[in-house]
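Student: Input: one structure, supplied below.
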Amino acid sequence: MPFILSVIVPIFILIALGYGAVRWQLITAQAAQGLGQFVLYFAMPALLFQNLSQMEFKQVLEPLYLLAYSGGSLLTLIAALLLLRGFRHKNGSLAAIQVMGMTVPNSAFFGFPILLQVLESSAAKAFAMAVMVENLIVIPLGLLLLEYSAPKNGRHQAGSLWWLLLSRLLRNPLLLAIIAGLGVSLLDLRLPDTLGTPLRLLGQASVAVALFAIGASLVGNKIQSELPDMGIVVAGKLILHPLLVGLMIWLLPPFDAGLSQALILIAAMPMMSMYPIIGAQYGHGRFSAGTLLLTTMTAFITLSLVLWLVRI
């Protein structure tokens with residue numbers, strides 16, 4: 001228990017600091033948004049690129065990890081759809097945004113800081129592969145589901161939708177950093193100190209600033225009267241997703257124990273911080289923001305349990 005608290009409590013202290021800074025107007029919400037963009041476009045890509053470029057190419061990818069994460073996330077998506085449509089009788093864009101909330105974790109701003117504390121040797125590799133699965137498979141599937149579930153008036157046609165998804169992938173800074181890092185690793189290049197030092201300094205700033213930015217983004221979010229629908233998303237993201245990812249790990253041949261633990265931890269994270277922004281585009285911004293707040297609060301308990309389970 002002391003170890004678990006030493007991991008979880010500092011994470012939520014930094015989140016609380018970010019929340020308090022905006023709540024009491026020490027910094028503006030726009031400044032806090034800028035901190036998030038700094039992490040997404042500079043600090044986290046620098047950290048990913050530096051770590052991956054220093055690994056041997058054959059050590060970067062673990063096919064069984066990729067299969068376990070993809071399979072567990074797809075199982076979660078299917079189970080969520082069956083639950084929402086079969087038992088809750090939910091259809092349309094609300095069901096789609098609920099499904100997306102259950103299947104896409106905040107691996108960058110939330111998961112990676114925890115991995116660095118618990119499994120430092122596996123953190124960069126596990127995070128890089130998680131980003132690939134999320135951006136190449138899970139998020140595109142979620143956006144497709146949202147697009148085809150929403151009213152068709154003014155929505156994208158099939159061809160333009162695929163082009164939109166491709167353009168998003170090509171502009172994703174984390175994915176571009178992974179590709180660049182893999183390229184340097186494959187070519188066995190060594191970066192000069194004049195490039196390596198600023199990359200390292202940027203990377204060191206990523207963890208604290210990311211957690212601070214999460215807390216700042218929660219200001220103004222309210223838990224409304226839609227608690228049953230929100231509760232399903234919370235349970236799906238924090239319980240169902242890691243359980244089904246764990247099931248895939250159990251069904252597949254064994255692979256690196258550190259990566260297995262890292263994968264379960266990533267799947268147990270709250271949903272991505274962009275969740276309310278995506279939800280707002282389909283008329284569910286308030287629901288998505290409230291769900292993000294409730295999931296983040298509940299994660300203090302569930303992540304403590306998951307950390308205890310992966311340590312025994």
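The numbers here are math on the coordinates, done by the rules we state, and not lab data. Just so you know, these numbers come straight off a predicted model, no measurement behind them. When we count neighbours, we look across all protein chains shown, and the Cβ atoms used for this are built from the backbone with ideal geometry, even at glycine.
Student: Counting other Cβ atoms within 10 Å, which chymotrypsin sites (Phe, Trp or Tyr not before Pro) in region 52-127 have at most 16 and lie in a DSSP loop? Intermediate values should be presented prior to the final figure.
Tutor: Working: sites: Phe57, Tyr65, Tyr69, Phe87, Phe109, Phe110, Phe127; in loops: Phe87.
Sites meeting the loop and neighbour criteria: Phe87.
Student: From the residues Leu84, Asn106, Pro140, which one has its Cα farthest along the dipole of the chain in the positive direction, the dipole being from +1 and -1 charges on Cβ of Lys/Arg and Asp/Glu about the Cα centre?
Tutor: In the chain, that residue is Leu84.
Student: What does the C-alpha gyration tensor say about the overall shape of region 213-312? Classify as rounded when a/c is under 1.5, otherwise prolate if a/b is larger than b/c, or oblate. Show your work: numbers first, answer last.
Tutor: Working: a/c = 2.32, a/b = 2.13, b/c = 1.09.
Note, shape of region 213-312 comes out prolate.
Student: Now for a separate question. Check every DSSP H run in the chain and write down those whose alpha carbon atoms cover 27 angstrom or more along the long axis and whose mean Kyte-Doolittle hydropathy is 1.6 or greater.
Tutor: Details: long enough: 2-23 (30 Å, 2.05); 63-86 (34 Å, 1.49); 193-217 (35 Å, 1.06); 285-311 (37 Å, 1.29).
Flagged H segments are 2-23.
Student: Classify the chain from the C-alpha gyration tensor, please: rounded if a/c falls under 1.5, else prolate or oblate depending on whether a/b exceeds b/c.
Tutor: Details: a/c = 1.32, a/b = 1.25, b/c = 1.06.
Because its axes are fairly even, with a/c under 1.5, the chain counts as rounded.
Student: How would Ser6, Ser217 line up from fewest to most surrounding beta-carbon atoms within 10 angstrom? The partial results should precede the final answer.
Tutor: Details: Ser6 10, Ser217 27.
Least crowded to most crowded, the residues run Ser6, Ser217.
Student: If you add up the charges near Pro105, with Lys and Arg at +1 and Asp and Glu at -1, over every other residue whose beta carbon is less than 9 angstrom from its beta carbon, what do you get?
Tutor: Values: positive: Lys237; negative: Glu134.
That sum, taken over residues with Cβ under 9 Å, equals 0.
Student: Please check the chain for the longest run free of trypsin sites (Lys or Arg not before Pro) that are loop-located per DSSP (anything but H, G, I, E, B) and have at most 10 other Cβ atoms within 10 Å.
Tutor: It runs 1-151.
Student: Please state the shape class of region 1-120: rounded when a/c is under 1.5, otherwise prolate if a/b exceeds b/c and oblate if not, all from the C-alpha gyration tensor.
Tutor: Numbers: a/c = 1.77, a/b = 1.15, b/c = 1.54.
Since a/c reaches 1.5 but b/c is at least a/b, the shape of region 1-120 is classed as oblate.
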